[in-house]
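Input: a single structure, listed below in structure tokens.
The values are calculated or read from the model by the stated rules, or taken from the named source; none is laboratory data. All values reported here derive from a predicted model rather than from experimental measurement. Neighbour counts run over all protein chains shown; Cβ positions are idealised from the backbone, glycine included.
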Amino acid sequence: MTEDRSGRTDTIPLSRGDLRWVFPEVRDPGTVRGALSEADVQVRALARHLGVLPGGAGGGLEFHRVEGIVVAGLFGAAEAEGLTFTAELYFPRRCPWDLRWGPPWEVTAEVMAVCDQVRECGGHILAEKAGTFTTPLEAAGGLVEATAWLLDRGVTEPPASWRSRDDARCRGATP
């Protein structure tokens, strides 16, 4: 569990969370949970490949719930050698007062290099994939595709190769 300015954020492993936090009217929870479990396995496989120990970033999919806001999403990450591989499934809201639930649900995945310049800019997205889905099962399937995409990128290209790309550095900045 971590604290932030907007309230307490609970981080709950997929295995201990409630699908209704993301899909309040899910009709086939077993099938959706099965797909999400597959995505969880792929995040863990990527973390192992990168040498990330379970329990930190790379510990699998987690629900993130912010205290005081009825909202949740599923997130997974693996970080190594200045790179972050992330996948997330959430329902978008326009502002904190927007209390709509999905559909739609959005799934995003990205490979990001942490900026190593003196004035850190936050990072540089090197590859990304996104999709919008109208049913819980489609959204869970989209997360499976996104985590498979991340796993493929993490296994086929070593971190040093990602870090050596031109778009991994700030343009015009000097170290």
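So here's what we get for this one:
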{"read-out": "Number of the condition not met by Trp101 [criteria: (1) in a loop (DSSP other than H, G, I, E, B); (2) within 16 Å of Thr84 (Cβ to Cβ); (3) aromatic (Phe, Trp, Tyr)]", "value": "(2)"}
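Every residue, every condition in (1) modelled with pLDDT under 85; (2) among the aromatic types (Phe, Trp, Tyr); (3) within 28 Å of Thr134 (Cβ to Cβ), yes or no:
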residue	(1), (2), (3)
Ile12	no, no, yes
Thr31	no, no, yes
Leu36	no, no, yes
Ala47	no, no, no
Val66	yes, no, yes
Ala77	no, no, yes
Arg100	yes, no, yes
